[in-house]
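Undergrad: Please see the structure below; I have some questions.
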Amino acid sequence: MISQVFILSSQGDHLIYKDFRGEAGSDVVNLFYEKVTALTGDQPPVVMRHKDVHFVHVRQGGLYWVATTTADTSPFTIIEFLNRLTALVKDYCGSLSERSVQMNFALIYELLDEVVDYGYIQTTSSDILKNFIQTEAVSSKPFSLFDLSNVGLFGAETQQSKVAPSSAATRPIQSSRDQGGKSEIFVDVIERMLVVIGSNGVLMKADIEGEIKVKCYMPTCSEMRIGLNEEFSIGKSQLRGYGAAVRVDECSFHQAVRLDEFDSLRILRLCPSQGEQTVMQYQLSDDLPSAPPFRLFPTIERDNGGRLLMYMKLRCDLPPKSAGINVSATIPVPKGSVSLSQELSSPDQSAELQPQSRAVVWKIPRFPGGTQLSALFKLEVPGFSSASMLEVGPVSLSFELPKITATGLQIRFLRLSPFQPGPAQRWVRFGMRTFDSDHEVGPGPSEDPVQDCFHWWIHCLLYLSQQDDVCWTESVCCLTS
Amino acid sequence: MPYIGSEDTVRDLRRVLSNPNVQSDQLRYRNTILKVIRAMSQGVDVSGLFSEMVKACATVDIVQKKLVYVFLCSYATLNPELSLLVINTLRKDCQDPNPMVRSLALRNMTNLRLPSLVEYVEQPLTAGLRDRAACVRRVAVLGWAKLHNLQTNSEIDAAVVNELYSLLRDPDPVVMVNCLRALEEILREEGGVAINKPITHHLLNRLKECDIWGQCEVLRILQRYRPQSEDELFNILSLLDVSLISPHPPVMAATLSLFLSLCSGLPAVGLAALERVRGPLLAACGNTSREMQFTALCHIQLLLRSLPGLMGEHYKRFFCGYAEPAYIKQRKIEVLVELVNDDNVAILLDELRGYCTDVNISTAHAAISAIGRIGRSYSDKCLEILTELLGLKQEHITSAVVQTMRDLVWVCPQCSRTVCSAVEGCEAEIQDSQGRHALLWLLGVYGEQVSSVPYTLEVFIDGVRSEASVGVKMELLTATVRLFLCRPAETQDMLGRLLHYCIEEETNMCVSDQALLYYRLLHCGIEETRKVLQCRRSDPSLGVLIGRPAEPINQWSYIFNTLEPLRPGAIETESATIGGSPEHMTFDPKPNNDLSDTLSYSFGKTVRSVTDTALQCTDSSSDALTASVSAPLSLSLSPALSPEEFEDLWLQQQALHVEQGPEKIKAEENYVYMEEHVQCPTIFRCSPQSLQAAMQLVNIQTLAFTPPHTLPWRVYLYTNTQNKHSADTCHGTLILGELLYTGEEIQKKSKDEENVGVEARQDKREEEREEDTAEGRSEKERVKKNTAEKGIKVTLKQQPRDEKALKGFLSVLTTVLHALSSEK
């Protein structure tokens, strides 16, 4: 049972406030914000309490989505509901941000009114809701010249029109009615992986979580068939055939997916409802089908002046055609480090010392496969002691890899049946949204006696920030149209 | 927050709203109303526009209608009279051919929350229940609940209730679920909607039609149902099995909750259910939403209390990610500690060591104390890491490490040598009072093992004037006196200075009192002082608790799937059980002299834990609680009583008692006989060692007891009381007691019961051998019996008579029992 729902900006502005049961006053909103700001640390606990009022909140799109409730409510339900609410708002408003929520407040009030009555969740299915929601979304996207780049000379089809702009999937679902029935469907295959590689280069831990997401802009969608790799196998014990088999440990499907063709042909059948939904989730652990995309070779030593020298060599093991983008390595350094001097191998890289997080952040915007980059960091560390070496590491690496999946999962085809009367565009995107890839790379054999006696170790995390949206500017390819 | 110029805004808006040109242009009219709502949600008081908005309500534009309703529902309570005007429009809308308009009108009619409007609302609501559109019925059903809560004291309309019950068979699943919700609210005083067999099976059959929210609601309400036969129970369970492994965490959690409540009599089935949800729970830990991850983690902690091996091989799933927020990291660290075994300890410690230098200080502390807790079983490896961390020479890390070491030494005294050499010379880094407190305790207790202690203490004593923390000063006093006992020559001078300062100049009463006490104690002679201060250095009985036995599921099932496990520090049983917390330290080293302090302290603690875990205190014991707080009471173990003496005394008074007949309180000229019932049925699962340890903390000696889990369960104990408030007369009394838990209704005492006390002690070995079988046998009975709350019967005998002291003793005993049973 939900007593109130409100949305606050990170500055504490009231964006939306809805009281369902009239049990507590509206002053709880300020109370909540006081509680949030009174706490130090990066994020306040999910559940907070003031007398009988329990606040449960999630953070999405830089906003606090808060529900107040009683103690005996199920936290799973409330949190799932808030997440679902954010997904609905994202579907209806196009994107999640303070601005889009502000501009579409009428729509959000309408949504809340239909979704919750008297504190009880009625429905969150966008199929049902679309009959009730009347307000049009106000799109917050400014006009951009880039949108014109898709238009070829004299309307001819260009190469670009095979590729959708990355923002194509961030528009409100309802406005599709007015755009002359521009019905599109997007299928995203996103994998997040976590890899830990021990100091001797041995793979210590590997975890891949993947999902297939469908975002549907078609007002009436008939059945859709998604064909996966035919060699797709589930479970540890299954015998593997020859060739590039794709294997996952566990797999779960959206309840609307029909699996009658899955066993024989690996085809998922479903009737997608408007908006975004996760069709399939899968996971694979303790076994990496391919080599990790990056390898780090660190060398750390002290020079005569008492400075800390960190020599980092980073190799990208991807095939030469693909590239990692937004690669960033975070190297924790001893407390009190000052004045970083750096030598980077190319000018588009950057590095800075962030004192509050006690780390050096090395950023590489684009990292083509098969290449190697190196960097040398020199740090002044006042009061440097041998034990300070313990504080160096673990190194974490975050990146995005478009067009690649770690498991090798592919979408063979995407068919809508029976055939749509109007032109329906189908887009498929792939990406390894390697979320927490933990690369624990050790020093390797070293002749340096200093290192050995420091007994230091480093892990290197391959990590991709958990942003709300993944954009691959060039990765979106159109299969058929 | 009122905006500057909000009055202007309101005036402008009013002008525009009442402009006939605007009113005729639908788009402009709607935009103006949008502005009003925007101002409203930003916090501007726009209640002055109420009458204009009421006019705007009469429109064919549904979007505008919805906007106006948002406004009206927010301000209706401020303008009850004007709201009457709206009701006409709303009632007209209820006749609209469009079902959306009908449901909208009905919903907002009930959302106005005005008791004065009830008479106008009832008729459309009744009609709404029979509407052909499901969306109207959904709203109408909940509308009755809203109406009932508006006028709670009015009578429940039986016709409506019947109608709602019949709507449980509505073809629309949301209407059905809403009926359940509405009936729950309307019939709250009768205990909610009646869940009988037909309704249960109807609901279960339709579970698949509901969406996840409906399923959760149905599953929650079904928790009240008790199947009539075992067959029925298993039918229900097999129906629910699919939802148990649902990919939706809310459904999975609600199903598990229902499972546990249905299987409260069948622990084996409950455990199997826990195994079954392992997959979904682990998946929820990998959910994209951090909040969901956190929720799953907190519930996994609950599950681990009953099934410690549940996640053993999946420990890698609980390794922290680099960018995870601190609250997730800390929970993961807590889970990791539970998962340690011989195979993974090296990997786990490696991982934990990485967290010790986390940027977030509290995460680093959590990791350090986690290593300390693992150190209770794997002390060598952990001490190595902790010693290494001291080398970092960072304030907060050093302080946390010293505190962790102190806690570790308390449980594992064999570590003391390593710890002593490690803490030497780290006093300079510790800035916070808790860390210094811990360091001083270590230095005092192990003063003879560390050569440099006198110099360290001298630094502290020289700086005592600028010391802010009272606790540190008191610990410094104790530590210095202790050191004086083992190294008098080096310490005498500084002890003198410290005592002089504390007695002459110190303003804090506690510190100067303690200094005076030690001063007088030293006057009594070195042997006396030694007796008081050379206390136990560790509590070996706590060592038994390291391998905590698995708790029965119904210890925590009632908080499963509530917000309780998510609250910070909700699951601290570990640190509370084992003397890890610093407060445990403070009252242990002082055995007798200031016991009333510690007693009242433990009152505070246990009372809190009693309320926290929602255990019920019987009235009499809570009375006794207040009584004893007012009268300081001191218990002591001397003069000691041998088992034979105990038996004699007990039987002698028993004989007297039997002659008198069983009355509640029987007062003779020189002794009191008293029977009480304490409501803590779980106490008999305590291990004897922990019970004994807990009792000794408050100076109650346990003489004999039956092994845990056997029924009837008995404990015999005694203590001596001394009343402080009447110091001149200073009469001590001897209290003998028996705790009896039969697991059934409190019976009359049987005659042969008393002999068991002594026999139990002698035959303890034998009984322990039998324990296994006894446990297996009683497993089933236990849980069954536990469902009906049974009490522990406490029989007390006192000589000579002092009712106040007896009551005080009883309250101490009660709190100890409650504390124990809430911990376990």
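The values are calculated or read from the model by the stated rules, or taken from the named source; none is laboratory data. Small disclaimer: the values here were computed from a predicted structure and weren't measured. Neighbour counts run over all protein chains shown; Cβ positions are idealised from the backbone, glycine included.
Undergrad: Determine, yes or no, whether B:Arg15 is surrounded by fewer than 21 Cβ atoms within 10 Å (Cβ to Cβ), modelled with pLDDT of 85 or more, farther than 17 Å from A:Glu110 by Cβ and touching a Phe, Trp or Tyr at 6+ places or on another chain (Cβ under 9 Å). Working first, answer last.
TA: Details: surrounded by fewer than 21 Cβ atoms within 10 Å (Cβ to Cβ): yes; modelled with pLDDT of 85 or more: yes; farther than 17 Å from A:Glu110 by Cβ: yes; touching a Phe, Trp or Tyr at 6+ places or on another chain (Cβ under 9 Å): no.
Here the answer is no, as B:Arg15 does not meet what is asked.
Undergrad: Among the residues of the range B:219-227, is any in a helix (DSSP H, G or I), more than 10 Å from chain A (Cβ to nearest Cβ), within 21 Å of B:Leu274 (Cα to Cα) and of a type outside the set (A, V, I, L, M)?
TA: The answer is no, given that none of the residues of the range B:219-227 is in a helix (DSSP H, G or I), more than 10 Å from chain A (Cβ to nearest Cβ), within 21 Å of B:Leu274 (Cα to Cα) and of a type outside the set (A, V, I, L, M).
Undergrad: Just one of the numbered conditions (1) surrounded by fewer than 21 Cβ atoms within 10 Å (Cβ to Cβ); (2) in a helix (DSSP H, G or I); (3) more than 14 Å from every other protein chain (Cβ to nearest Cβ) is not true of B:Gln95; which one?
TA: Every condition holds for B:Gln95 apart from (2).
Undergrad: In the range B:442-468, what count of residues is obtained for those that are surrounded by 15 or more Cβ atoms within 10 Å (Cβ to Cβ) and either among the hydroxyl-bearing types (Ser, Thr, Tyr) or touching a strand residue (DSSP E or B) at 6+ places or on another chain (Cβ under 7 Å) (or both)? Full working, then the answer.
TA: Residues of the range B:442-468 that are surrounded by 15 or more Cβ atoms within 10 Å (Cβ to Cβ), as a first pass: B:442-447, B:449-450, B:453-454, B:456-458, B:460-461, B:464, B:467.
If we keep only those that are either among the hydroxyl-bearing types (Ser, Thr, Tyr) or touching a strand residue (DSSP E or B) at 6+ places or on another chain (Cβ under 7 Å) (or both) as well, we get B:446, B:456.
Going through the range B:442-468 one residue at a time, the tally reaches 2.
Undergrad: Considering only the range A:65-86, how many residues are surrounded by 22 or more Cβ atoms within 10 Å (Cβ to Cβ) and more than 8 Å from chain B (Cβ to nearest Cβ)?
TA: Qualifying residue count for the region: 6.
Undergrad: Go through the residues of the range B:150-166 one by one and say whether even a single one is at the interface with another protein chain (Cβ under 10 Å from one of its Cβ atoms) and closer than 30 Å to B:Pro99 by Cβ. Lay out the reasoning, then the answer.
TA: First pass over the range B:150-166, keeping only residues at the interface with another protein chain (Cβ under 10 Å from one of its Cβ atoms): B:150.
Those still in the list that are closer than 30 Å to B:Pro99 by Cβ too: B:150.
Yes - at least one qualifying residue is present in the range B:150-166.
Undergrad: Looking at B:Ala273, is it within 14 Å of another protein chain (Cβ to nearest Cβ) and in a helix (DSSP H, G or I)? Spell out how you get there, then give the answer.
TA: On the way: within 14 Å of another protein chain (Cβ to nearest Cβ): no; in a helix (DSSP H, G or I): yes.
No; evaluated as a whole, the condition is false for this residue.
Undergrad: Right, here's the next one. When you go through (1) away from chain A (no Cβ under 14 Å); (2) touching a residue at least 24 places away in the same chain (Cβ under 8 Å) one by one for B:Ser24, which number turns out not to apply?
TA: (2)
Undergrad: Which one of the conditions (1) surrounded by 24 or more Cβ atoms within 10 Å (Cβ to Cβ); (2) more than 12 Å from every other protein chain (Cβ to nearest Cβ) does B:Cys356 fail to meet, given that it meets all the rest?
TA: (2)
Undergrad: Let me ask something else. Within the group B:Ala367, B:Ala346, which residue is out of contact with any strand residue (DSSP E or B) (no Cβ under 7 Å at 6 or more places or on another chain), of a type outside the set (Lys, Arg) and under 26 Å from A:Leu39 (Cα atoms)?
TA: Working: B:Ala346 fails: under 26 Å from A:Leu39 (Cα atoms).
When all the criteria are applied, what remains is B:Ala367.
Undergrad: Hey, B:Leu516 hits all of (1) within 29 Å of B:Arg417 (Cα to Cα); (2) exposed (fewer than 15 other Cβ atoms within 10 Å of the Cβ); (3) at pLDDT 90 or above but one; which does it fall short on?
TA: (1)
Undergrad: If you don't mind, another one. Here is a list: A:Thr299, A:Thr278. Which entry is under 30 Å from A:Val381 (Cβ atoms) and among the β-branched types (Val, Ile, Thr)? Explain how you work it out, then say what you get.
TA: Numbers: A:Thr278 fails: under 30 Å from A:Val381 (Cβ atoms).
After applying the criteria, what remains is A:Thr299.
Undergrad: Check B:Cys210, B:Cys216 and return the single one that is over 29 Å from the mean Cα position of the chain (by Cα), at pLDDT 90 or above and surrounded by 19 or more Cβ atoms within 10 Å (Cβ to Cβ). First the steps, then the outcome.
TA: On the way: B:Cys216 fails: over 29 Å from the mean Cα position of the chain (by Cα).
After applying the criteria, what remains is B:Cys210.
Undergrad: Look through the range A:87-118, keep the residues that are within 9 Å of chain B (Cβ to nearest Cβ) and not acidic (Asp, Glu), and return whichever of them is nearest to the chain's Cα centre (by Cα).
TA: In this case the residue turns out to be A:Gln102.
Undergrad: I'd like to verify a number: residues in the range A:335-375 that are part of a strand (DSSP E or B), within 14 Å of chain B (Cβ to nearest Cβ) and over 19 Å from A:Phe294 (Cα atoms), how many? Spell out the reasoning first.
TA: To start, the set of residues in the range A:335-375 that are part of a strand (DSSP E or B) comprises A:338-344, A:350-354, A:359-368, A:372-375.
Those left that are additionally within 14 Å of chain B (Cβ to nearest Cβ): A:353-354, A:359-361.
Restricting the remaining residues to those that are over 19 Å from A:Phe294 (Cα atoms) gives A:353-354, A:359.
Summing the residues that are part of a strand (DSSP E or B), within 14 Å of chain B (Cβ to nearest Cβ) and over 19 Å from A:Phe294 (Cα atoms) in the range A:335-375 gives 3.
Undergrad: Evaluate the following for A:Leu15: is it touching a His at 6+ places or on another chain (Cβ under 6 Å) and not charged (D, E, K, R)?
TA: Criteria not met by A:Leu15.
Undergrad: Sticking with this one: Take the residues in the range B:225-244 that are closer than 17 Å to B:Ala272 by Cβ and among the hydroxyl-bearing types (Ser, Thr, Tyr), then tell me which one is surrounded by the most Cβ atoms within 10 Å (Cβ to Cβ).
TA: Checking each candidate, the answer is B:Ser243.
Undergrad: Could you look through the range B:276-323, keep only residues that are closer than 17 Å to B:Val251 by Cβ and β-branched (Val, Ile, Thr), and pick out the one that is nearest to the other protein chains (Cβ to nearest Cβ)?
TA: If we take residues in the range B:276-323 being closer than 17 Å to B:Val251 by Cβ and β-branched (Val, Ile, Thr), then B:Thr295 is nearest to the other protein chains (Cβ to nearest Cβ).
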